[in-house]
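The values are calculated or read from the model by the stated rules, or taken from the named source; none is laboratory data. Every value quoted in this text rests on a predicted model; they were computed, and no experiment measured them. Note: ideal-geometry Cβ built from the backbone for every residue, glycine included; neighbour counts use all protein chains shown. The accessibility values were calculated without ligands, DNA or RNA, using every heavy atom of the protein model including side chains. Shrake-Rupley method; radii C 1.70, N 1.55, O 1.52, S 1.80 Å.
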Amino acid sequence: MISVAFNSFNDEGLPKPLKKAETATSIYLENNKFSGAFNLEDMNWKALQVLNIANNAFSGDVHSSAFGTNYHWEKIDISQNPLLSGHFDSSLCPQLVSTSGSIGTLSYLDISGTGIGCFADCFAQAIAKDYAVTLKYDADNAEVCESDLQLNALQELCGSTHCHKNPLFDSWSFEHKDGKLVSEPCVDKWYGVT
């Protein structure tokens, strides 16, 4: 375990010495002043099970596929980094823990207070059906990812700009009824979409 939590470290990006923490199972960097790009791909954390970078100022696109290269996640907390954007795709779905005998280990994901626009449906299904999984997110900013790549891109844009907090974007709705979008971007003239 490595913890530098609750300090006032203000490095740009992840601290360089941590890049080689190959055997670390837990890294706690929460409640500091780290800023800049969060590049998990640059890290050599093959044994990592717990990552907490909450309450910092990391920015950039979170590539959830980088999390999928590690097969024993238990807890991921990237919350309260408002400049982090992107989405969590299905690469982590096989790792979700379940009370029904799944061999997954991931039981906690917190993306609240970020610009993450959407997450794979497996997360929504897991929290709806299984008390063993916790997903924390901002319901007004993140939701299940659209299967249509163009709509998914709009979700990511909306999440990263926190468009639901801006009345100009009230027309942007990813709400579904009977499996279809209630409002179509081009047909219903979403603000700024042509």
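Shape verdict for the chain, please, from the Cα gyration tensor: rounded (a/c under 1.5), prolate (a/b greater than b/c) or oblate. Don't skip to the answer; put the middle values down first.
Numbers: a/c = 2.34, a/b = 1.44, b/c = 1.63.
Judged from the Cα gyration tensor, the chain comes out oblate (a/c at least 1.5, b/c at or above a/b).
Give me the dipole magnitude in Debye, nearest 20, for the chain about the Cα centre, with unit charges on the beta carbon: positive for Lys and Arg, negative for Asp and Glu.
It comes to approximately 500 debye.
Let me know the number of lysine pairs in the chain closer than 23 Å at the Cα, not counting same-chain pairs under 8 apart.
Going through the chain pair by pair, I get 20.
Mind checking the angle between helix 149-161 and the chain's longest principal axis? C-alpha axes, 0 to 90 degrees, to the nearest 10.
For helix 149-161, the angle is close to 70 degrees.
Once the whole set of protein chains is in place, how much accessible area is left on Glu22, using a 1.4 Å probe, in Å² to the nearest 10?
For Glu22, solvent-accessible area is about 100 Å².
Of Thr114, Thr134, Thr23, Thr161, which has the most accessible area with a 1.4 Å probe, and how do the rest follow in descending order? Before the final figure, lay out the partial values.
On the way: Thr114 0, Thr134 55, Thr23 125, Thr161 80 Å².
Final ranking, largest accessible area leading: Thr23, Thr161, Thr134, Thr114.
Roll a 1.4 Å probe over the protein chains and send me the accessible area per residue for the range 1-138 in Å².
Per residue, the range 1-138 has an accessible area of 46 Å².
Considering amide H positions built from the backbone, and no H for Pro or chain starts, which residues 5 or more places from Phe9, or on another chain, come under 5 Å of its amide H?
HN-HN under 5 Å from Phe9: Lys33.
Ranked from the most accessible area to the least, with a 1.4 Å probe and all protein chains present, what is the order of Phe174, Phe6? Let's see the in-between values first.
Working: Phe174 10, Phe6 145 Å².
The most accessible residue leads, giving Phe6, Phe174.
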